[in-house]
Every structure is written in C-alpha cells, then in structure tokens.
Amino acid sequence: MTLWGGRFKENLDKVAWQLNSSLPFDQRMALQDICCSEVWADGLQRAGILTEGEHQEILRGLQEVRSEFQNKKFKFAGSDEDIHTAIERRLAEVTGPVAGKLHSGRSRNDQVATDFRLWIIQTLPELDSYLAGLQAVLIDRAETDMEILMPGYTHLQRAQPILLSHWWLSHFWPLQRDRERFAQMVGHLAALPLGSGALAGSTFQVDRKALSSSLGFATITKNSLDAVSDRDFVAEFLFNASLTGIHLSKLAEAIVLFTTSEFGFFELADAFSTGSSLMPQKKNPDVFELTRGKAGTLLGLLTGLMTTLKGLPSTYDKDLQEDKIPVFAAFDTLAAILPVISGALETIKTNPVKMSAAIDPSMMATDLADYLVMKGIAFREAHTIAGKAVQAAADEGIHLDKLSIKKYQNLSPVIEDDVYEVFNPKKSVERRNVSGGTAPEAVKIQLAKAKSVQAILHYQMVQTRCQ
Ligand code: ARG
C-alpha cells in the first residue's frame, strides 16, 4: 500500500513501481530524513498541530527508527517507495496512528529538497579532508624535493628549468581553489526549503526560521515554488567535483608521462602500480590512468544533471529524482581516487639524475636573451640574437654553452666571458626570484603560504537539534 493510494482503484504496475522507486539510492539520506522529521515535529507542536504528548511520541519513535538504521537493523518493506515513505511507514509501526500526523503541512517535495541539502552539507567536510590529505602530501614532497631541478614544459616541449618543488606545488593550488569552491557552496546550500509544502507553502504556522536554526541552516528559502525545484546546489556540487576531477587528471597525466622509460623522472612504488597479465616487464600506472578516466565520468554526471534540469517547467517534477545518483556517484568517485593518489605520491620515487639530464643548455636561451637585456639591448633584439646563437650552435651540432666566445661576439659585441654562467640551470632557477617564481627563495615563501592555507578549517561544526 502506498502513502498516496487513496484515490486509486488499482495498484501501480510492478515494472512502473520499479521505475518510480528511488529507495535503492535515496536510502543514503535516511539519517538526514529523520533529522528533518524531528524538527518538523517540533514545528508542528509549536504551531499547535501536535500536542506535547504526540510530539514526544513521534520523537521517541523517530529515535527508535534512527537506532535501527545506525545498527543496520532497519528492514525495508516491499511497499517502500523511497526513503521518506519507508521511514514514515516504520514510524507508524513503532508509534501507532500518531505517526500519521507528522506529514501535516509537509510534502516529500520540500522534504527531499531539505534532506538532500543536509546530506551535502554534512558530506562536504569529509570531502575536504581527502583534498586536504592530498595537499599535505604535495607539501611534503615539495619540502623534501627542494634541491631537485627538472625541465619545465610548454606545449610538452622542453622550456625552462624549474624546481621539482615548484612543480609539486603547482598541483597544490588548484586543490586549494577546489576546497574553497566546495566551501563557498554552503552559502547557497544552507537555505532551508522545509515549510514550502508541495509547492505553495504550508497552511500551518510553522516557524521556518526556528526549524532552520535547529538544523544548522543559515537561512530559509524565500519562495516555495523555487524552493521545491531549485537544484542549483546539485549543479554546483557536480561542477566542483568535475573541476576537481580535471585537476586530478592533469596531475595524473603528468605522472603517467613521467613514469615512462622515455622520461623516467619518477618510479611508482609496487604498492601503487599494476602488472600486465602477458608482459612480465610491465609496471603500469593504472591508478593514475583511472583517475584521468574518472575525470571524464565526473564531467558526464554534471552534463547529465544539467541536461535534465534544462527541460523542466517550474516547481517539482519527478525528473528531479534523477539528481541523487550523480551526486552520490561523484562523491564516491572522489572519495575513492583521492586517498589512492595521496598514497601513490607519498611513495613515488624521484630520479633527480634523469630530471637534470633532461635539462639541456638550449633551455637557457631565454636567460641568454635576458643577459643581453641586462647589457642594455632591447628584448626583441635580444631574442633575435639568442635565436641566432641557437641556430649557430645547431649548425655546429653543439650546445649553446659550447659555442665559442668569438662566435658570440660576432652576434653581439656586448657579449663577454661571463655569458657562460647563463647556462648553469641552477643559476637560471635562482634568477627567477619573483614572488610565485621558481627560485628556491620564492618557492620557500610559497611553501610557507601553502602550509598556512592548507591548515585553514573551512567548516565549523555547528551543534544542531539532530546530533
Ligand atoms: N523520491 C522523490 C524524489 O527523490 C521524492 C519526492 C516525491 N514527490 C512526489 N511528488 N512524487 O524526488
């Protein structure tokens, strides 16, 4: 028997029932649903719909249902359509008919919107801890690998030497922005829809502001029609998750590339690499490839939700039930990837010899141009002279640092013997001592900043009615 069976002569067809049911996935919001019911019962009591005795009865029943969930004792019935109806059905079994009063002035439309917001609010700190965990690993690596030089790339072509620490930290800051973006969502999330009813608001004078603070929300939604259909917070969550996925994918792609024999900059620990069933020599970076692959899946979840929302008219439509699967999947995906990437990077071996061997003197061609600028030559002209030096060295089949002083002076009379210092990669890195640059001094300042922002807590634990 459904909770809405009154106006129907026949039961819903079995296959239609299965399509309609959201229980397989929305049972993840059981505890949030119970919380919302508790505060709704408080509201109904204060509005004079429940007597104090009925109120206490309902609270006692809800507490019992909560323990059943917590102790994994809760038994779903075949007639449970979704988590809201399952809890209401069980409450009635526990308390008897008084449970029937709980749904006064409430609809599953405002209930599901509230439960879902609450679920995301309560889940964000866990997600934040995974992101902060990976950041901590990147900080550690940056600290230990401070002396190591590597080639920096643009267009995947060798560009300029950089510090490996600087490179590690280049993957720290996107994660910091991700953490901030997730935290900023709370501003939109923490508006309470409860009291909006099915669409037009509740007839009972329930103090929505009081319900909002009991649940730890910051405010109440302003328009009941909007409140039951607003899924902006779902889109925001999925966008943030997708962008995090893209950041992780970029990092993963670099590791896949740098662990090839061609590069050999890194070697994965056995515990984070996989073998081939056919080729005994293989050590594959599957966990990074999966990270890269799952970034595509995350983006698909966002695209699916946005496409669902795009076609909808105002207020609640059943299409909205499709919003939970992508959010749970996105969270589960990030919760699966982040600890693995953290472990893999914590244990990855660096090969400083291969890294510095990949730095050739042509990568200091910009330094040569800068040297000429310091001698008073305009940068454009300096660029041409340095370009000609690169060409002259290539013609002779030698590197820039082996080109004779005579040849250099033919290119420009301002060039002196000190030109050869330009080709020392360590010095090249040290010269980039601008804040945010790759010089060791600048990287140390950056590292200190990274440590201090990484430690900032983005979520305060608010004591709410339902803890
Ligand atoms: N299971 C539904 C959902 O997740 C709950 C709301 C149902 N509302 C309704 N009018 N049928 O969206």
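The values are calculated or read from the model by the stated rules, or taken from the named source; none is laboratory data. What you see is a predicted model; the values in this text were computed from it and never measured. Note that each Cβ is placed from the backbone with ideal geometry, even for glycine, and that neighbours are counted across all protein chains shown. For accessibility, only protein heavy atoms count, side chains too; no ligands or nucleic acids. Shrake-Rupley method; radii C 1.70, N 1.55, O 1.52, S 1.80 Å.
Place a +1 charge on the Cβ of each Lys and Arg in the chain and a -1 charge on the Cβ of each Asp and Glu, then give the dipole magnitude about the Cα centre in debye, rounded to the nearest 20.
Charge dipole, the chain, about its Cα centre: 220 debye, nearest 20.
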- Task: Starting from the Cα-Cα distance between residue 11 and residue 325, subtract it from 0.36 nm times their residue separation and give me the gain in nm to one decimal.
- Result: 110.4 nm
- Query: Not counting the cut sites, what is the longest span of the chain without chymotrypsin sites (Phe, Trp or Tyr not before Pro) that DSSP labels loop and that have at most 13 other Cβ atoms within 10 Å?
  - Reply: 77-467
- Task: Based on a Kirkwood Rh over C-alpha pairs, give the Stokes-Einstein translational diffusion coefficient of the chain at 4 °C and viscosity 1.567 mPa s in µm²/s.
- Result: 49
- Task: Could you work out how far helix 52-70 tilts from the main Cα principal axis of the chain, as a 0 to 90 degree angle to the nearest 10?
- Result: 50
- Where no second cysteine Cβ lies under 4.7 Å, the cysteines concerned in the chain: 36
- Message: If I take R0 = 60 Å and measure r between the Cβ atoms of residue 426 and residue 46 in this structure, what FRET efficiency does the formula 1/(1 + (r/R0)^6) give, to the nearest 0.05?
- Response: 0.25
- Query: Looking at 438, 382, 448, which one has the Cα that reaches farthest to the positive end of the dipole of segment 344-460 (charges on Cβ: Lys, Arg +1; Asp, Glu -1)?
  - Reply: 448
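Which of the GluC sites (Glu not before Pro) found in segment 247-289 are loop residues per DSSP with 10 or fewer other Cβ atoms within 10 Å of their Cβ?
Answer in residue order: 262.
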- Between the modelled labels at residue 381 and residue 20 (7 Å from Cα along Cα→Cβ) the distance in nm is 8.4
- Can you give the angle from 0 to 90° between the axis of helix 365-374 and the longest principal axis of the chain, with both taken from C-alpha atoms, to the nearest 10? 70
- Message: Just to verify a number: FRET efficiency for residue 271 and residue 246, C-beta to C-beta distance, R0 = 25 Å, to 0.05?
- Response: 0.45
- Query: At q = 0.15, 0.16, 0.25 Å⁻¹, what log₁₀ I(q)/I(0) does a Debye calculation on the Cα points of segment 217-269 give, no solvent, two decimals?
  - Reply: -0.61, -0.65, -0.93
- In degrees rounded to 10, the 0-90 angle between helix 172-184 Cα long axis and the longest Cα principal axis of the chain is 20
- Message: Tell me which GluC sites (Glu not before Pro) from segment 409-467 have a DSSP coil assignment and no more than 13 other beta carbons within 10 Å of their own.
- Response: 416
- Residue among 202, 272, 296 farthest towards the positive dipole end of segment 165-298, charges placed on Cβ: 202
- Item | Inter-part distance where segment 305-358 and segment 421-467 are each reduced to a Cα centre, Å | 24
- Message: As an exercise, identify the GluC sites (Glu not before Pro) in segment 1-80 lying in DSSP coil whose Cβ has no more than 16 other Cβ atoms within 10 Å.
- Response: 10
- the chain: antiparallel DSSP beta bridges as a percent of all, rounded to 5: 80
- Along principal axes, largest first, the alpha-carbon spread of segment 273-344 in whole Å comes out as 59, 23, 14
- Rounded to a whole %, the carbon-and-sulfur portion of the accessible area of segment 322-367 at a 1.4 Å probe is 60
- Query: In whole Å and largest first, what semi-axes does the C-alpha gyration tensor of segment 259-405 yield when each eigenvalue is scaled by 5 and square-rooted?
  - Reply: 49, 28, 13
- Note on the structure: At the level of C-alpha centres, the distance separating segment 214-240 and segment 90-125, in angstrom, is 16
- Query: If each of residue 184 and residue 451 carries a label point 7 Å out from its Cα toward its Cβ, how far apart are those two points in nm?
  - Reply: 2.8
- Message: Among 69, 134, 170, which residue has its Cα furthest toward the positive end of the charge dipole of segment 42-176, with +1 on Lys/Arg Cβ and -1 on Asp/Glu Cβ?
- Response: 69
